[in-house]
Amino acid sequence: MNQDPFKHEEQLKTFLDSYHVDIPEFQTEKPGKWQRVIQWLATPVKNPLDPLVETVRSYSLAGTLPIVLGLVIAVLT
């Protein structure tokens, strides 16, 4: 394994030596505890009312129910 594969091919060796690659630095440390909490809080969630709003009837119910509940609470207080 100590053999140089480019020993006899000088043209290939000079071509490969002239080729340079810049390797970007990546973050190697883990994010902190608070960064993970903030990322967890910022992730989008599924809307739990989507199955309720899929039909027209339930859409009108979901749209008018908060208004009706607000009126009932206003009348009771």
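The values are calculated or read from the model by the stated rules, or taken from the named source; none is laboratory data. Note that this is a predicted model, so its numbers are computed, not measured. Cβ sites come from the backbone with ideal geometry, for glycine too, and all protein chains shown count toward neighbours.
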Scanning the stretch 4-24 residue by residue, those surrounded by 10 or more Cβ atoms within 10 Å (Cβ to Cβ) and of a type in the set (A, V, I, L, M, F, W, C) turn out to be PHE6, LEU12, PHE15, LEU16
Residue pairs qualifying under the 9 Å Cβ cut-off, at least six apart or on distinct chains, with the first in the stretch 61-77 being under 20 Å from ASP50 (Cβ atoms) and the second being part of a helix (DSSP H, G or I), are LEU61/LEU52; ALA62/LEU52; ALA62/VAL53; GLY63/VAL53
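Within the stretch 25-52, restricting attention to residues that are touching a helix residue (DSSP H, G or I) at 6+ places or on another chain (Cβ under 9 Å) and over 30 Å from LEU65 (Cβ atoms), which residue is surrounded by the fewest Cβ atoms within 10 Å (Cβ to Cβ)? Let's see the steps before the verdict.
Here is the first cut: in the stretch 25-52, the residues touching a helix residue (DSSP H, G or I) at 6+ places or on another chain (Cβ under 9 Å) are 30-31, 47, 49, 51-52.
Narrowing the set further to residues that are over 30 Å from LEU65 (Cβ atoms) leaves 30-31.
On the way: LYS30: 8, PRO31: 11.
Going through the qualifying residues, I end up with LYS30.
Which helices (runs of 4 or more DSSP H) sit wholly inside the stretch 3-77 and have at least 1 residues that are at pLDDT below 85 and not polar (S, T, N, Q)? Show your work before the answer.
On the way: elements: 10-18, 33-42, 50-53, 56-76.
Correct list: 10-18, 50-53, 56-76.
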